[in-house]
Every structure is written in C-alpha cells, then in structure tokens.
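The values are calculated or read from the model by the stated rules, or taken from the named source; none is laboratory data. Only a predicted model underlies this, so the values are computations on that prediction, with no experimental measurement involved. Here the Cβ positions follow ideal geometry from the backbone for every residue, glycine too, while neighbour counts run over all protein chains shown. Each accessible area value is taken on the protein alone, full model and side chains, heavy atoms only, with ligands, DNA and RNA left out. Shrake-Rupley method; radii C 1.70, N 1.55, O 1.52, S 1.80 Å.
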Amino acid sequence: MDWNRTKTIFIITFLLLNIFLTWQLIETHNMNQISMITVANIQEVLRENNVTIETELPETDSPGLLVVGKNVVLSNEDIPNVEDQEINIIDERTILSVLEEPFVLSRENFSTELSTFLSTYVFQGVDYRFGGFDQVKNQVFLYQAYGEKTAYTFDDQPLILHLDDNLQIIGYQQKYLEFELQDGEEREMYSSLKAIEVLLNDQLVRMNQTITDVQFGYYSFFSPTGDVQVFAPMWRVTVDGDTYLVHAIGGTVQQLT
C-alpha cells in the first residue's frame with residue numbers, strides 16, 4: 001500500500017471538509033444577519049408610519065403544511081351524558097341534541113359555565129373553542145382546535161349551541177373532525193411580523209393605524225367536499241377594526257371584515 005499517497009488523500013479530504021464547514025458557518029451567519037436586518041427594517045417602517053402594535057406578536061412552531069379534517073362517524077355511545085338529553089344522529093356524522101333540562105349560562109360566568117357544559121354534555125367537548133354569539137338566532141357557535149390552534153371552518157360551524165331567551169342552552173348540533181397533516185414537503189412559515197410586512201406592502205396597513213390583535217390559526221374557506229375539509233395556516237391580523245388573513249405559507253391576503 002502507498003502510505004504517502006493515502007496520507008495525502010486524507011489530508012486533502014480533511015481540508016475540503018474544513019472548507020465546506022467554514023462555508024456553511026459563514027452562510028448561516030449571513031442568513032442570521034439578513035434576518036436581523038429585515039426585522040429591523042420592518043420595525044423602522046412601522047415607526048416611520050406611526051403604526052402602533054398594541055398586542056404581543058406570537059410565534060408558532062407549526063409545520064408548513066396544510067391540515068386535512070375528516071368528519072368522524074358518531075353513535076349514541078359517544079355522548080357522555082346521553083341520559084340527560086335526547087340524541088338523534090343524522091347521516092352518522094351530525095349529532096342533534098335536545099336537553100331534558102335547560103343548562104343555564106350567565107353573563108358573569110359565561111366562560112366557566114360554557115366549559116362545564118362542553119365537558120359534561122358534548123362528545124370531546126374540550127376540543128372546541130368559542131367562536132361567537134348570534135343574537136338574532138340565539139346561538140353560540142364553536143370551532144374545533146387542531147393541537148392548540150383553532151381550526152376555523154367556512155360557513156359550517158362544527159358545534160352550534162341553541163339558546164332560549166334566558167341564555168339557557170336547550171340543545172345543540174355537532175360534528176367532529178379528525179385532523180392530520182397533508183402529505184408533502186414542509187415549507188417555510190411566515191412569522192407574525194412578516195405577515196404584517198405583507199399587509200404593509202399591500203397598503204392594508206397605513207399611516208397612523210393601530211394593530212390590535214395578531215393570532216395564528218387554521219382556516220378552511222371552501223364548503224366541505226364529502227366529509228373532508230382542507231385547512232391552511234393563517235395569521236389573523238386586526239387593524240383598526242378591519243381583520244385580514246395572511247396565508248402563512250404563500251403570503252396571500254383575504255379580508256374578513
């Protein structure tokens with residue numbers, strides 16, 4: 001064996017490896033510098049335009065993928081307190097409930113009492129998040145959570161509580177989704193500050209305006225096809241009463257109000 005030649009090959013390989021690792025270190029450093037400069041530039045533009053942010057800017061470690069929600073087949077055995085309510089299940093996917101005795105909700109303890117009702121009467125009730133109150137129809141509607149994030153459905157609330165005129169729950173209508181990540185390559189997610197930059201560039205955030213709320217969630221904008229809905233990761237940004245959704249992967253914008 002030619003030891004001199006072997007030694008030379010090892011030395012060259014070692015040098016090339018060092019050069020590669022040094023190059024990677026420099027590239028990582030440069031990317032970090034660029035990221036810091038970008039953040040500084042956005043914040044400077046906000047200051048120059050007297051744009052105020054009155055909320056903390058959250059971050060997310062959610063993967064850069066779409067989420068698929070599928071309706072679960074349900075039965076009477078799934079309902080935790082079926083003896084206190086009359087249950088009908090439509091098409092194996094939708095629970096229709098009428099309570100034997102109304103469940104009282106008070107304005108003072110609304111959140112606590114709502115949580116109690118969900119955990120007592122509703123299948124997997126702890127997975128639902130308050131979505132709003134329709135005063136005309138006397139309904140409370142709720143959305144499911146995917147992980148710790150709310151999954152908002154288009155014109156199809158998974159859980160609707162029916163109230164009487166005294167704010168008592170008299171029944172509900174429920175669907176339940178199972179979630180899974182859509183197959184595919186993960187893509188880089190926009191930060192909350194990057195979402196604000198998108199709104200700046202689109203002139204949807206203007207001089208002297210105030211950003212009052214920034215939240216991350218998953219949104220489905222299309223009526224479900226069969227039993228399946230697809231949810232996209234979005235930043236929900238409220239600017240002086242107007243609410244915008246910024247796609248956390250593609251950066252497209254949709255105005256809600």
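What to note about this one:
- Evaluation of Val239 against (1) within 19 Å of Tyr152 (Cα to Cα); (2) open to solvent by less than 10 Å² (accessible area, probe 1.4 Å); (3) among the aliphatic types (A, V, I, L, M) (one fails), failing number: (1)
- Out of Leu65, Leu74, one residue alone is touching a Leu at 6+ places or on another chain (Cβ under 6 Å), farther than 23 Å from Gln168 by Cβ and touching a residue at least 60 places away in the same chain (Cβ under 8 Å). It is Leu65.
- Residue within the range 159-180 that is outside any loop (DSSP other than H, G, I, E, B), open to solvent by 30 Å² or more (accessible area, probe 1.4 Å) and closer than 30 Å to Gln43 by Cβ present: no
- Selection count where residues are in contact (Cβ under 8 Å) with a residue 40 or more places away in the chain, assigned to a strand (DSSP E or B) and either hydroxyl-bearing (Ser, Thr, Tyr) or open to solvent by 100 Å² or more (accessible area, probe 1.4 Å) (or both), scope the range 83-110: 2
- Unmet criterion (only one of (1) closer than 18 Å to Thr150 by Cβ; (2) in contact with a Phe, Trp or Tyr (Cβ under 6 Å, 6 or more places away or on another chain)) for Asp78: (1)
- Cβ-Cβ distances below 7 Å connect the following pairs, each with a first residue in the range 45-61 that is open to solvent by 60 Å² or more (accessible area, probe 1.4 Å), a second residue that is in a loop (DSSP other than H, G, I, E, B), and a separation of six or more residues or different chains: Asn50/Met207; Asn50/Asn208; Glu59/Ser191.
- Conditions (1) under 30 Å from Leu74 (Cα atoms); (2) open to solvent by 60 Å² or more (accessible area, probe 1.4 Å); (3) in contact with a Lys or Arg (Cβ under 9 Å, 6 or more places away or on another chain); (4) at pLDDT below 90: number failed by Asp183: (3)
- Residue in the range 215-229 that is at pLDDT below 95, crowded, with 19+ Cβ neighbours inside 10 Å and under 23 Å from Ser97 (Cβ atoms) present: yes
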